[in-house]
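This report concerns only the one structure given below.
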Amino acid sequence: FGMTYHSALAADRIFGQAEATSLASALLLVLGLPGLVAEWMVGRHLDTLRQFCSSIKQGRHSERLALPNEPRDRDGEDPLLVLKRDMNWMARQIETREKELRQAVNDLQKSRCRIDEQNRYLAKANAELMATQDRLKKQSAELENAFHDMQVMALTDPLTAIANRRCFFEALDSCFSSQECNCRPISMLIFDVDRFKTINDNYGHQVGDRVLLEMAGIIQAHIRTGDLAARIGGEEYAVLLRGTCSHEARRVACQIGRAHV
């Protein structure tokens, strides 16, 4: 009986130790389980956030984190959910800025295209304007030359190519006007061809024209630089000698007369 009693006590002691061990293990599991669950939940959220950040970095700005409806009072909400909502907000802001930037780039490209087109138009217009300006310069030069030629023709005798009556008397008027101030002497010589009508009648007008040409050449050859020789009538010639006294004018007239003879 004694041995049986000791065996029962030993068995109860072993059972009690096992029960205590099981209870302690259960107690430790219960105490540690929330931490393990919390660590697992945090790790899962962090993986989700890392994937979301990676998508944003790769340019997929339209992606969003899956979240429950936002409560009215966010103070008692899980901080990780608050963080996810904030990250969704930042993603929307980035998407909006990206669209605005893309639109700005498109507008800038369109503006550059319009500016390039306007520059091409202005370059073409400028080239046409330069060509028109060159033509106008050429036409202006031609008009000036034509005007000069007309002035020369208006003041030149067409047969002898020396000054005509109009040119001579305009120069004489100008000379008299200037002499009123400085009182310098003026001399004038008058020549004509004797019996010129007889030459025309006997030998014809062509010979008469040759005589007029020879007379103009003789006068031109014996006057001084600055003197003006002109044909003022049919066979009449005149020479204007500016700043010349009568003695010097007589000497010029004698040179012309001797050459004529």
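The values are calculated or read from the model by the stated rules, or taken from the named source; none is laboratory data. Since the structure is predicted, the reported quantities are computational estimates derived from the model, not experimental observations. All Cβ positions, glycine included, derive from the backbone under ideal geometry; neighbour counts span all protein chains shown. To get the accessible areas, we keep the full protein, side chains included, count just its heavy atoms, and leave off ligands, DNA and RNA. Shrake-Rupley method; radii C 1.70, N 1.55, O 1.52, S 1.80 Å.
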Worksheet entry | Theoretical FRET efficiency, 1/(1+(r/R0)^6), r = Cβ-Cβ of Arg120 and Arg60, R0 30 Å, to 0.05 | 0.15
Worksheet item: Of the accessible area of the range 121-166, with the probe set at 1.4 angstrom, what percent is carbon plus sulfur?
Response: 62
Worksheet entry | Estimated vicinal HN-Hα couplings, Hz - the range 151-166 in sequence order (Karplus 6.51, -1.76, 1.60; Gly, Pro = x) | 4, 4, 5, 5, 10, 10, 6, x, 7, 9, 6, 9, 4, 9, 4, 4
Worksheet entry | the range 162-249 - accessible surface per residue (Å², probe 1.4 Å) | 60
Worksheet entry | For the range 210-261: rounded, prolate or oblate by the Cα gyration tensor [a/c cutoff 1.5] | prolate
Worksheet, complete the sentence: Checked the range 153-223 with the C-alpha gyration tensor, a ≥ b ≥ c its square-rooted eigenvalues, rounded below a/c of 1.5, otherwise prolate if a/b is larger than b/c and oblate if not; verdict prolate
Response to the item:
Relative contact order in percent for the range 147-261 (Cα pairs under 8 Å, 6+ apart) equals 35
Discussion item. Quick check on packing: order 200-206, 85-91 by the mean number of other C-beta atoms within 10 Å, highest mean leading.
Written reply: 85-91, 200-206
